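Quick notes on the structure that follows.
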Amino acid sequence: MFYETADNRHGLAHDPFKAIVAPRPIGWIGTRSADGVRNLAPYSFFNAISDRPKLVMFSSMGHKHSVANIEATGVFTTSLVGAELTQQMNTSSAAVGAEVDEFALAGLTPGEGRLVAAPYVTEAYAVLECRMTEIIRPKTLSVPSDSYVVFGEVVGIHISEAAITDGRLDMSIVRPLARMGYMDYSEASSTFELFRPQLP
Ligand SMILES: Cc1cc2nc3c(=O)[nH]c(=O)nc-3n(C[C@H](O)[C@H](O)[C@H](O)COP(=O)(O)O)c2cc1C
C-alpha cells in the first residue's frame, strides 16, 4: 500500500506512522522555568544523533513547557526510562499547568545537574546533562505546524553503578522502555552482537 501524508488517507483503522518508526527511545526531559519551577516530561520523538560530538534532539508538537524553559535557560537534562519507571513516566506526561512540578506529581526524587542548572530523575539508570545548541522551527512544511525541534550537546553523563556489569551498561538490568505505535510500549529485553565487516 501507499498513501500521501497530505490527506493521510491510509485506509487503516489507526494512523500507522508512529508504528512504522518504532521502537523510539523515550527522553525524559528535565528543565527549570525562569521562575524556578521544576518541569519533567517524556518525549519519544527523541534520539541521540551523534557520538562525536555527543548530541541529542527532541521534538515538541506545540510550544510546550519544556521548550519554553529551555528557551529561557539554555539547558536541560534527559533521563532515560527503564521499564520499572513506566508509571512515573506516564504520570509526568499529564497536561498540567506550568506551576506544577512533575517530579513531585510522579513521586520522583529530583537531582540537580552538576554542569547544567536543570533537574533530573535520580531513579533513572542514566542521565544526560545537555546544553541547548539550537531550537529550530521546521521550514517549508506542506501543512502549517506549531512544531519545535530542540538540539542539545551532552556535556555530562550520570550512570547508576547498579546498571553496570563487566564494564558495560547491562540491558537486562536497565530494561529500556521504548515507544511503539498506537498506545503500545516495548521493553528491550534481548540483545545480540554484530560486528561491522572488516576490509581485507
Ligand atoms: C511516552 C510519551 C511520549 C511522548 N512524546 C512526545 C513527543 O515526542 N513530543 C511531544 O510534543 N509530546 C510528547 N508526549 C506528550 C508530552 O509528554 C506532554 O504533552 C507533556 O505534558 C508535555 O509537558 P511539558 O509541557 O511540561 O513539556 C509524549 C507523552 C508520552 C507519554
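Please treat every number below as a calculation from the coordinates, not as lab data. None of the values given here were measured: they were computed from a predicted structure. Note that each Cβ is placed from the backbone with ideal geometry, even for glycine, and that neighbours are counted across all protein chains shown.
For the reader, a short list of remarks on this structure follows.
- Loop chymotrypsin sites (Phe, Trp or Tyr not before Pro), segment 119-200, which have at most 10 other Cβ atoms in a 10 Å radius of their Cβ (DSSP): 192, 195
- Choice from 71, 161, 123 showing the highest fluctuation, given a GNM over the chain with Cα pairs closer than 10 Å: 161
- For the peptides 8-16, 128-136, residues were scored by their other Cβ atoms within 10 Å and the scores averaged per peptide; the highest-first order is 128-136, 8-16.
- A straight line joining the Cα centroids of segment 50-103 and segment 170-193 runs 19 Å.
- Two-site FRET efficiency, residue 51 against residue 94, from Cβ-Cβ distance with R₀ of 35 Å, rounded to 0.05: 0.55
- P(r) tail fraction, segment 17-187 - alpha-carbon pairs more than 24 Å apart, %: 32
- Computed lengthening from residue 37 to residue 1, 0.36 nm per intervening residue step minus Cα-Cα distance: 8.2 nm
- Sites residue 164 and residue 198 - FRET efficiency at Förster radius 22 Å, r taken between beta-carbons, to 0.05: 0.15
- Rounded to the nearest 20 debye, the dipole size of segment 1-111 about its Cα centre is 260 debye, using +1 on the Cβ of Lys and Arg and -1 on the Cβ of Asp and Glu.
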